[in-house]
Amino acid sequence: MLRIFMLLNLILFSYILLHCSGSYDEIKMDIKKVNDPNSLHEARDIIFIKNGETVALRRYHNGKKIISKGDLSFLFRNACEIRIVYKENDNSMPMGVVYLKKNRVIAENIYKDESHISNGKIPDGIIIEKYKNGKINNIIQYKGEKRNGYAISLFSNENLKCETEYLDDFPTGRGRLYYENGNLKTEFEIENRVEKYHREYSINGKLVYE
């Protein structure tokens, strides 16, 4: 009887590890350039990887989505979520952010009047921010309670709004911002927290600032 009880406990423990653990630190996001003969612009794949396998992919020509594999809303349905906290009765005045897991606050960083409230621990892995309609707005990778790795922002149609990389909460390397139609808006490169170049374009692709 004791052996059966121990075996059942082992099965239950294995099930919990497999299905109930916080698995979003196992999902990684990567950005890779690809050669696409159908693209007149630079094509890139944004890849979401779990246990060495690609579980979702988005291919973009500049910021315009042209290939979509996997449902991001479903993939990150239970992921840690970041929400902006606004001053009461004033949605134009942000006070800070809270981090939620299954609608429960697990960390917060809020400035109120002259006080600063900082509680909890930001988990490692991908953290998302949503639009009011539930679609994903931002996908950010955290490690050591700081932004580390690639981060992207999406328009509601899943065209790219912004792509950049972070190192200890600071942008690093090349980054880009896009118009909603997919055309390039801004590109820059940062090295050792110093901007090496910065270019801005009109919605029609004309260089307007360098």
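Key figures
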item: Search result, residues across segment 77-121 that are of a type in the set (S, T, N, Q) and in contact (Cβ under 8 Å) with a residue 12 or more places away in the chain; result: 78, 109, 119
item: Selection from segment 196-207 of residues that are within 25 Å of residue 65 (Cβ to Cβ) and either of a type in the set (Asp, Glu) or surrounded by fewer than 17 Cβ atoms within 10 Å (Cβ to Cβ) (or both); result: 199, 200, 202, 203, 204, 205, 206, 207
item: All positions within segment 102-150 that are of a type in the set (Val, Ile, Thr) and part of a loop (DSSP other than H, G, I, E, B); result: 122
item: Enumerated strands (runs of 3 or more DSSP E) restricted to segment 151-210, each holding at least 3 residues that are farther than 22 Å from residue 43 by Cβ; result: 170-178, 194-201
item: Within segment 92-106, considering residues that are among the hydrophobic types (A, V, I, L, M, F, W, C) and more than 19 Å from residue 145 (Cβ to Cβ), the one surrounded by the fewest Cβ atoms within 10 Å (Cβ to Cβ); result: 93
item: Hits in segment 75-101 - residues which are out of contact with any strand residue (DSSP E or B) (no Cβ under 9 Å at 6 or more places or on another chain) and not acidic (Asp, Glu); result: 77, 89, 91
item: Qualifying residue in segment 159-180 (condition: hydrophobic (A, V, I, L, M, F, W, C), at negative phi and in contact with a Cys (Cβ under 7 Å, 6 or more places away or on another chain)); result: yes
item: Extreme residue, farthest from residue 127 (Cα to Cα), among residues of segment 86-97 that are of a type in the set (A, V, I, L, M, F, W, C) and modelled with pLDDT of 90 or more; result: 95
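Residue by residue, here is whether (1) under 21 Å from residue 84 (Cα atoms); (2) buried (at least 19 other Cβ atoms within 10 Å of the Cβ); (3) without any contact (Cβ under 8 Å) to a residue 12 or more places away in the chain holds:
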| position | (1), (2), (3) |
| --- | --- |
| 123 | yes, yes, no |
| 127 | yes, yes, no |
| 135 | yes, no, no |
| 168 | yes, no, no |
| 171 | yes, no, no |
| 180 | no, no, no |
| 186 | no, no, no |
| 189 | no, no, no |
| 194 | no, no, yes |
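The values are calculated or read from the model by the stated rules, or taken from the named source; none is laboratory data. What you are looking at is a predicted structure, and each value in this text was computed from that prediction instead of being measured. Don't worry about glycine lacking a Cβ; one is built from the backbone with ideal geometry, like all the others, and counts go over all protein chains shown.
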